[in-house]
Amino acid sequence: WDNADFSRGIGTTFYQEFLTLNTAKPPFVLDVEAKIRQYLRSSYSAAWTLKITWEKVPAYAARTDTRKTITYQAILTTDGFRSYVLMLYQEGGMRWDYTRLAATNVLIGYT
């Protein structure tokens with residue numbers, strides 16, 4: 001992750017909360033549960049999920065190039081005992097010029 005810059009009115013942030021304790025689960029939450037089960041090989045039933053999307057966001061400082069944007073999501077979910085974060089990036093969507101960022105040792109994801 002690096003600093004996104006919304007100061008020039010470019011890029012949008014959306015979020016959607018899913019309260020699913022004792023309620024029917026929408027397809028999105030079922031998909032999140034399936035991914036966690038697949039990757040972690042454990043049972044999981046979400047009680048709460050939050051999807052945050054940053055769409056077409058330029059890197060800080062946006063004055064350098066507002067055409068090079070990125071779209072990505074963070075999905076936070078919990079069953080009340082365990083919590084997970086899924087970080088999703090648009091295929092081919094990393095268009096920030098990493099040579100102009102404050103930190104040049106850039107990776108998509110985390111360690």
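The values are calculated or read from the model by the stated rules, or taken from the named source; none is laboratory data. Nothing here was measured: the structure is a model prediction, and the numbers come from that model. So basically every Cβ, Gly included, is an ideal-geometry build from the backbone, and we count neighbours across all protein chains shown. For accessibility, only protein heavy atoms count, side chains too; no ligands or nucleic acids. Shrake-Rupley method; radii C 1.70, N 1.55, O 1.52, S 1.80 Å.
Worth pointing out:
- Filter result (at pLDDT below 85 and under 15 Å from Thr78 (Cα atoms)) within segment 1-22: Leu21, Asn22
- Residues in segment 31-51 that are open to solvent by 60 Å² or more (accessible area, probe 1.4 Å), more than 24 Å from Thr71 (Cβ to Cβ) and either touching a helix residue (DSSP H, G or I) at 6+ places or on another chain (Cβ under 8 Å) or part of a helix (DSSP H, G or I) (or both): 4 in all.
- Residues satisfying the stated conditions in segment 1-30, i.e. closer than 20 Å to Leu88 by Cβ, open to solvent by 70 Å² or more (accessible area, probe 1.4 Å), not in a strand (DSSP E or B) and not aromatic (Phe, Trp, Tyr): Asn3, Pro27, Leu30
- Pairs with Cβ under 7 Å, 6+ apart, first in segment 32-45 and without any contact (Cβ under 8 Å) to a residue 60 or more places away in the chain, second open to solvent by 40 Å² or more (accessible area, probe 1.4 Å) and in a loop (DSSP other than H, G, I, E, B): Glu33/Ser45; Arg37/Ser43; Tyr44/Asp79; Ser45/Asp79
- Test: residue in segment 68-82 that is open to solvent by 90 Å² or more (accessible area, probe 1.4 Å) and either modelled with pLDDT of 90 or more or of a type in the set (S, T, N, Q) (or both): yes
- Residue count for segment 5-28, restricted to those that are more than 30 Å from Thr66 (Cα to Cα) and touching a Lys or Arg at 6+ places or on another chain (Cβ under 9 Å): 2
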